[in-house]
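First up is the structure itself, then whatever we jot down about it.
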Amino acid sequence: MKKILVLHTGGTIAMAEDSETGAVSTKQSNPLLDVVNNFEQDIELIVEDFFYVPSPHITPGHMLALKKRIQEGVLEGIDGVVITHGTDTLEETAYFLDITVGHLLPIVVTGAMRSSNEIGSDGLYNFLTAIRVAANEESVDKGALVVMNDEIHTARYVTKTHTTNVATFRTPTFGPIGLVNKHIVSFYQQLITNHTIDVTSINGQIPIVTAYAGMGSDILDLLTTSKIDGLVIEALGAGNLPPQTLPAIDNLIANNIPVVLVSRCFNGVAEGVYGYEGGGAQLEKKGVLFCNGLNSQKARIKLLVALNANLSKQELDDFMIEKV
Ligand SMILES: NC(=O)C[C@H](N)C(=O)O
């Protein structure tokens, strides 16, 4: 009998809509807790109401606490983990767990787009399918997974793409890694294993800036003078920046502040293609780190982990640019 640790953290999946005002918020207690007792499969559930917060309130500190609980769970002999979470920052928590403990056992993160008492609420169904995936033999060694709306996505590449639609979680460029069917869980893609790095702290100021036509160095200068530990830039196209930003980029790198670059495009990966001023090839030569295939919010989590792992400069650079 598989033993699955369920950690509820809050989010719409654990919220209810007020019949008078229509506002969706947390209730006195998590509605998912009642459900668990009626779940009659061959799976033992250990259920904990770990946090009870909407996901815009989630911080890297919450993620670190989840990671520690999972590591304790491994020592207690659990076979898998299901985390219920608000969808707004779900991908960040899932990715943090992926790069810190994703190799230990199946970790499945799920949520809902409709609250527990709305018609067509997707929470209970997503929760039950997440449990099935976490208990499935084939889910081992896939890193952290996100299960929503009958699809299985890798934490590494999944992203929230729609404000309200239940099919909001998508994996641009690569597609889902598997599907949950009526009776079987099937994986259709192989995941290249990535490095995991464990951390005991998760501190640091790493803003994300999106590049735009006509961008100057003013905004980047402001960031340099305020104390930041790293910067993630969502660059243009394949990984290019307006030339006026270059003095600020040089300044950041000269001050040993890692500058990580991803693309603001929804599909594809950023790479050093163009040799013109501000082009990716030039940025790469300057030491800008091209974070292959991740979106900006996950590149930020990755850099945060790297900075808290006391890596050498070379190790940090290699970790950030690894081709996965
Ligand atoms: N669907 C949701 O869960 C969204 C909610 N605002 C949250 O992230 O907590």
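Please report, in whole Å³, the volume per residue of the convex hull around the C-alpha atoms of segment 106-218.
185
Here the chain carries DSSP beta bridges of which approximately 35% are antiparallel, counting only pairs with both residues inside. Set the Cα radius of gyration of segment 208-321 against 2.2 N^0.38 Å, with N its number of residues, and you get 0.96.
Here, the chain has an Rg and a Dmax of 20.4, 62 Å when only alpha carbons are counted.
List the lysines whose Cα sits under 16 Å from the Cα of residue 160, skipping any in the same chain fewer than 8 residues away. Within reach: 298. Both the radius of gyration and Dmax for segment 55-152 are 13.0, 40 Å, in that order, over alpha-carbon atoms. Have a look at the DSSP beta bridges in segment 151-282 and tell me what percent are antiparallel, nearest 5. If we restrict to bridges inside segment 151-282, about 50 percent are antiparallel. Here the Kirkwood formula, the inverse mean of 1/r across different C-alpha pairs, assigns segment 2-187 a hydrodynamic radius of 16.1 Å.
Arrange the following residues from fewest to most other Cβ atoms within 10 Å of their Cβ: 318, 42, 218.
On the way: 318 14, 42 7, 218 11.
Least crowded to most crowded, the residues run 42, 218, 318.
Taking the Cα centre of the chain as origin and assigning +1 to Lys and Arg Cβ atoms and -1 to Asp and Glu Cβ atoms, the resulting dipole is close to 480 debye. For segment 2-187, DSSP calls about 40 percent of its internal beta bridges antiparallel.
Placing +1 at every Lys and Arg Cβ and -1 at every Asp and Glu Cβ, with all other atoms neutral, what dipole size does segment 208-321 have around its Cα centre, in debye to the nearest 20? Write out the running numbers ahead of the final one.
On the way: 8 positive and 11 negative charges, 47 e Å.
That gives a dipole near 220 debye.
Bear in mind that the values in this text are calculations on the coordinates, not laboratory data. In this text the structure is predicted, and so the values were computed from the model without any measurement. Heads up, the Cβs are rebuilt from the backbone with ideal geometry, glycines too, and the neighbour counts pull from every protein chain shown.
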